[in-house]
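Student: Below is one structure. I have some questions about it.
The values are calculated or read from the model by the stated rules, or taken from the named source; none is laboratory data. Predicted model, so just to flag it, every value in this text is computed and none were measured. Note that each Cβ is placed from the backbone with ideal geometry, even for glycine, and that neighbours are counted across all protein chains shown.
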Amino acid sequence: MDDFSSLVQNLQYQIAKGHLYNLDNDEFYENIHLGYDAFGRLELQLTNLILDSLFPILCDLPINSLIMKYCACYEFSNGFFERCPLVFFYIYGCQIDHFQPLESVHPTLGEMWISSCEIKQPLNQFEMMPHLTKLVYSNAQLEEIPSSVSTLSCLSTFMAYGNNIRSMNLLCNNRALQFISLTNNKIDSLPSDLELIPYLKRLDLSENRIKVIPENISELRYLEQFRLDHNRLTALPIELYALPLLSTLEVQMNPLLTFNPHNIPMQLLLYLTLSKEALKGQGFDFDLYPMLTESGGLEVI
């Protein structure tokens, strides 16, 4: 019997002995799946389970990918991070009181998703996960970005949509960031030191409370996509139009009082979305912007 079959057999044996409590009292095995993912990594999927008594068993499995959906526990064991060679960690719709403090650095974890979970004490030990390149912390009722996120020097993607975050200033410590999504929060301004995240390519700040785009937006020389729809903007700075790589700009559902489309670098802009009111009296001549019209990228709402 190969190692994989032994793992499955041992896991099922432990479960059969009553080491697991199922929320819905269905068959145990329907709630646990152990297999290989598309990358050939050992993946464990747990669904609709109370996990506290199961952690001693699971933390000894050499899993690379952990997916949990609609599970519950009082204390999330640090064993997953300290004993398992995790590369990918995903939890959705789970109820967790708190995460057990980490005592050692995790050497392999590269991607973490925490989405639509009820967590009384949010995870804030990211300094123990120095190799994280992607972090998603969405719909988790966060009031602020966890302070330890600033220690992640390899982080290239940060997404925290659907929270109550009021400031993104902390992210200016993450120089490697290329994609930030903070849509549907309570942010009212951009940082004053955007030059500290110079390699940013995609920035999504839609559904916030932003009134002004600062002139230092010009520091984001690599910015390709900028989404600002559903904010409180009344004008756009001339510096925004000068961004050399900007190809997507979404500013619909803002109370824009002035918008001059002739200032935009149309040689690169492929997608532009804005409200009808912003174009009133501007004499928008579609023939002047062939790339927009040919790509179908102009949308007036």
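Student: For region 32-55, enumerate the residues that are of a type in the set (D, E, K, R) and closer than 19 Å to CYS117 by Cα.
Tutor: Listed by number, the list holds a single entry, ASP52.
Student: Residue under question is ASN216, and the condition is that it be assigned to a helix (DSSP H, G or I), at pLDDT 90 or above and either more than 23 Å from LEU171 (Cα to Cα) or not β-branched (Val, Ile, Thr) (or both); does it hold? Steps first, answer last, please.
Tutor: Numbers: assigned to a helix (DSSP H, G or I): yes; at pLDDT 90 or above: yes; either more than 23 Å from LEU171 (Cα to Cα) or not β-branched (Val, Ile, Thr) (or both): yes.
So ASN216 passes the test.
Student: A further question follows. In region 219-255, how many are among the hydroxyl-bearing types (Ser, Thr, Tyr), assigned to a loop (DSSP other than H, G, I, E, B) and surrounded by 15 or more Cβ atoms within 10 Å (Cβ to Cβ)?
Tutor: Residues meeting the conditions: 2.
Student: Return a yes/no flag: does region 151-158 have any residue that is in a loop (DSSP other than H, G, I, E, B) and within 17 Å of ILE114 (Cβ to Cβ).
Tutor: yes
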